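Engineer: Supplied in structure tokens, the structure appears directly below.
Just so you know, all these numbers are worked out from the coordinates, no wet-lab data involved. None of the values given here were measured: they were computed from a predicted structure. Positions of Cβ are generated from backbone atoms using ideal geometry, with glycine treated the same way; all protein chains shown enter the neighbour counts.
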Amino acid sequence: MKFYFYILTFLFIANFSFANNDEPSPSDVGVDEKLGEMVPLNITFNDEYGKAVNLGELINGKPTVVSLVYYRCPGICSPIMSGMADVIDKLDMESGKDYNVITISFDPREDYLMASEKKKNYLASFENKTTNENTWRFLTADSSNIAKICNALGWKYIKQGDDFAHGAAIMVLSPEGKVVRYLYGVEYLPFDFKMALTEASEGRTGATISKLMKLCFSYDPEGRKYVLDFTRISGGIVLLFMSVFVLYLVVKRKKSVSKNNNSEIKIDSDDKKV
């Protein structure tokens with residue numbers, strides 16, 4: 001009897017042990033969007049020169065694009081950064097001046113020397129931009145601060161051996177540090193990139209063309225891109241025609257009143273002559 005009891009106890013413990021050592025599920029990887037939420041501005045990083053900096057001074061009152069990668073990544077991190085370099089190079093806005101670009105390693109084992117090397121390589125890849133040290137910042141951090149920025153942005157990843165499984169996306173913050181947009185994939189259209197920055201800059205004076213674009217386009221969360229907003233455009237056209245029609249009626253009424261007044265004046269004048 002005791003023998004069977006030991007066997008059952010062993011099987012129970014083994015089953016419990018295996019149940020608690022399951023591989024992480026796919027839901028542990030990806031992005032849990034935090035749209036509209038503020039990112040803590042006191043999160044501290046080490047920049048590409050080994051200097052401690054916090055997120056608030058990096059954002060510095062400008063819309064900011066943030067990417068989370070790790071510099072040793074053998075997978076999609078390099079395509080993400082290459083996609084960013086390509087769109088930054090093509091955009092008719094100046095990074096480091098009109099907006100900020102920040103890349104953060106979520107691997108606490110990586111240091112500022114690796115960040116500095118990545119920065120040098122990607123800045124050298126620009127063809128159409130005159131670059132300065134603030135064009136694109138590359139950062140590292142300890143595990144505590146990495147957890148803070150990942151939680152604030154909804155960035156989820158799991159460790160697999162010496163590497164990590166993670167998604168592909170970049171995040172756009174407002175000048176105050178609010179999460180306003182996620183752009184997914186490893187290639188980013190200049191139009192989508194600029195529209196995200198325009199939305200992030202809301203409340204600040206922008207180019208007229210940017211305001212017009214924002215009126216005509218809206219973000220499609222399912223398609224993960226900006227699309228022509230036919231409802232908004234058709235509504236604007238209807239409003240325009242109504243305004244023109246009301247203006248026409250007002251002008252017509254004024255002309256009619258003016259004509260009647262002239263007729264009355266003429267009749268009075270004729271009466272006086274008689």
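Engineer: How high is the FRET efficiency between Ser82 and Asn42 when r is their beta carbon distance and R₀ equals 30 Å, given to the nearest 0.05?
Structural biologist: Using R0 = 30 Å, I get an efficiency of 0.45.
Engineer: Still on this structure, please answer the following. To make sure I understand, if each residue's beta carbon is the centre and we count other beta carbons within 10 Å, what order do Cys77, Cys150 fall in, fewest to most?
Structural biologist: Exposure proxy ranking, most exposed first: Cys150, Cys77.
Engineer: How high is the FRET efficiency from Leu189 to Leu247, r the C-beta distance, R0 45 Å, rounded to 0.05? Each step should come with its number before you reach the end.
Structural biologist: Values: r = 39 Å, r/R0 = 0.87.
That gives a FRET efficiency of 0.70.
Engineer: With every atom except the alpha carbons ignored, what do you get for Rg and Dmax of the range 26-205, in angstroms?
Structural biologist: Every Cα atom of the range 26-205 included, Rg and Dmax give 14.8, 48 Å.
Engineer: So, R0 is 22 Å and r is the distance between the beta-carbons of Asn60 and Glu202; what FRET efficiency does that work out to, to 0.05?
Structural biologist: Values: r = 18 Å, r/R0 = 0.80.
Working from the Cβ atoms, E equals 0.80.
Engineer: Dividing the alpha-carbon radius of gyration of the range 63-139 by 2.2 N^0.38 Å (N being the number of residues), what value is obtained? If you can, show how the numbers build up before the last one.
Structural biologist: On the way: Rg = 11.8 Å, N = 77, 2.2 N^0.38 = 11.5 Å.
My calculation over the Cα atoms of the range 63-139 gives 1.03.
Engineer: Next question. Name the residues of the range 81-116 whose amide N is less than 11 Å from a point 7 angstrom out from the Cα of Arg72 along the C-beta direction?
Structural biologist: The answer is 107-111, whose backbone nitrogens lie closer than 11 Å to the label point.
Engineer: Quick one: length gained pulling Arg109 to Lys51 fully straight, 0.36 nm per residue minus the C-alpha distance?
Structural biologist: Length gained, Arg109 through Lys51: 19.2 nm.
Engineer: List the trypsin sites (Lys or Arg not before Pro) within the range 102-155 that DSSP assigns to loop and that have no more than 16 neighbouring Cβ atoms inside 10 Å.
Structural biologist: Arg109
Engineer: Sort 38-45, 49-56 by packing, meaning the average of other beta carbons within 10 Å per residue, with the highest value first.
Structural biologist: Ranking the peptides 38-45, 49-56 by packing returns 38-45, 49-56.
Engineer: Could I ask something else about it? Mind scanning Lys34/Lys129; Lys97/Lys119; Lys120/Lys159; Lys34/Lys148 and naming the pairs with a C-alpha gap bigger than 22 Å?
Structural biologist: Among Lys34/Lys129; Lys97/Lys119; Lys120/Lys159; Lys34/Lys148, the Cα-Cα distance tops 22 Å for Lys34/Lys129; Lys120/Lys159.
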